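Let me begin by presenting the structure, written as structure tokens, before commenting on it.
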Amino acid sequence: MGADGLRGATALSHLFLREGVREGNRVVDATCGNGHDTLLLAELVGGGGKVWGFDIQESAIVATSLLLESAGCRDQVELIHGGHEQLGSFVSGPVDAMVFNLGYLPGGDKSCVTHPRETLAALARGAELLSPGGRICIALYTGHPGATEEAEAVDGWAAGLLPREFHVWRCRQMNRSPVAPYLILIEKGC
Ligand SMILES: C[S@@+](CC[C@H](N)C(=O)[O-])C[C@H]1O[C@@H](n2cnc3c(N)ncnc32)[C@H](O)[C@@H]1O
């Protein structure tokens with residue numbers, strides 16, 4: 001593990017994904033943004049795997065595509081310029097991992113944020129498609145308008161997953177601001 005593996009929510013989510021995602025896996029990035037999570041997934045699954053990446057902003061899809069091309073990982077990724085709430089129309093199960101990095105695109109339009117209704121629809125379908133042992137990482141932010149409502153909705157959904165079917169963790173840094181991003185990590189039981 002690198003010394004910065006626990007630096008923040010994104011670093012911890014990458015650690016969780018690196019530990020669980022294998023070559024040839026089928027995975028989803030529900031919010032591509034600048035493409036950093038998509039790139040990690042594409043590297044982990046390799047040329048024999050498949051990544052579906054969603055974003056409602058064309059600029060995010062373009063940025064992600066360019067990042068993947070420059071890293072030589074574009075072929076294994078299907079980018080969908082559309083909302084993750086349509087996940088069921090594009091993605092066929094089983095899926096080994098999913099990443100939801102919620103909120104707004106850093107350096108982009110801060111008014112274009114994820115919303116609870118779409119997020120919960122995608123999570124519910126995603127949990128159904130998840131393979132035994134499959135993982136979901138959700139990074140939540142509470143600093144922008146509407147973020148607290150979304151975080152509460154996602155917390156409530158995750159807390160309601162049956163413990164005999166899913167292992168569910170909430171990870172929060174204790175020595176940072178109470179509004180610092182936090183993670184929900186989910187693993188489907190085998
Ligand atoms: C925090 S950013 C994602 C960061 C990204 N994972 C990265 O590595 O750079 C959140 C993204 O969610 C996107 N988004 C908002 N609503 C969405 C939806 N319904 N479906 C898919 N993406 C959405 C935004 O356009 C934004 O790019």
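For the chain, what's the relative contact order in percent, using C-alpha pairs closer than 8 Å and at least 6 residues apart?
Averaging sequence separation for qualifying contacts and normalising by length gives 20 percent for the chain.
Can you give me the distance in nm between label points at His167 and Val179, each placed 7 Å from the Cα along the Cα-to-Cβ direction?
Reported label-point gap for His167 and Val179 is 3.4 nm.
What does DSSP give for the chain in terms of the percent of beta bridges that are antiparallel, rounded to the nearest 5?
So the antiparallel bridges in the chain amount to around 45 percent.
Answer rounded, prolate or oblate for the chain, using the Cα gyration tensor with square roots of eigenvalues a ≥ b ≥ c: rounded when a/c is under 1.5, else prolate when a/b is larger than b/c, else oblate.
Rounded is the answer for the chain, as its axis ratio a/c remains below 1.5.
Given H placed on each backbone N at 1.01 Å, which residues far from Ile80 in sequence or on other chains put an amide H within less than 5 Å of it?
Gly53, Phe54, Asp55
For the range 9-188, give the magnitude of the charge dipole about the Cα centre (Cβ charges: +1 Lys/Arg, -1 Asp/Glu; no others), in debye to the nearest 20.
440
Can you give the relative contact order of the range 14-69 as a percent, counting alpha carbon pairs under 8 Å and 6+ residues apart?
Working: 86 pairs, mean separation 22.4, N = 56.
For the range 14-69, the relative contact order is 40 percent.
Glu128 to Glu58: FRET efficiency via 1/(1 + (r/R0)^6), r the Cβ-Cβ distance, R0 30 Å, to the nearest 0.05?
On the way: r = 29 Å, r/R0 = 0.96.
So the FRET efficiency works out to roughly 0.55.
Where nothing but the Cβ of Lys and Arg (+1) and of Asp and Glu (-1) is charged, how large is the charge dipole of the range 40-97 around its Cα centre, in debye to the nearest 20? Mind dumping the intermediate values first?
On the way: 2 positive and 8 negative charges, 17 e Å.
Value, rounded to 20: 80 debye.
In whole Hz and in residue order, list the ³J(HN,Hα) couplings for the range 168-174 that follow from phi through the Karplus curve 6.51 cos²θ - 1.76 cosθ + 1.60, θ = phi - 60°; x for Gly and Pro.
3J(HN,Hα) across the range 168-174, in whole Hz: 10, 10, 10, 10, 9, 6, 7.
FYI, it's all coordinate maths here, none of it is from the lab. In this text the structure is predicted, and so the values were computed from the model without any measurement. Glycine also receives a Cβ, built like all others from the backbone with ideal geometry; neighbour counts cover every protein chain displayed.
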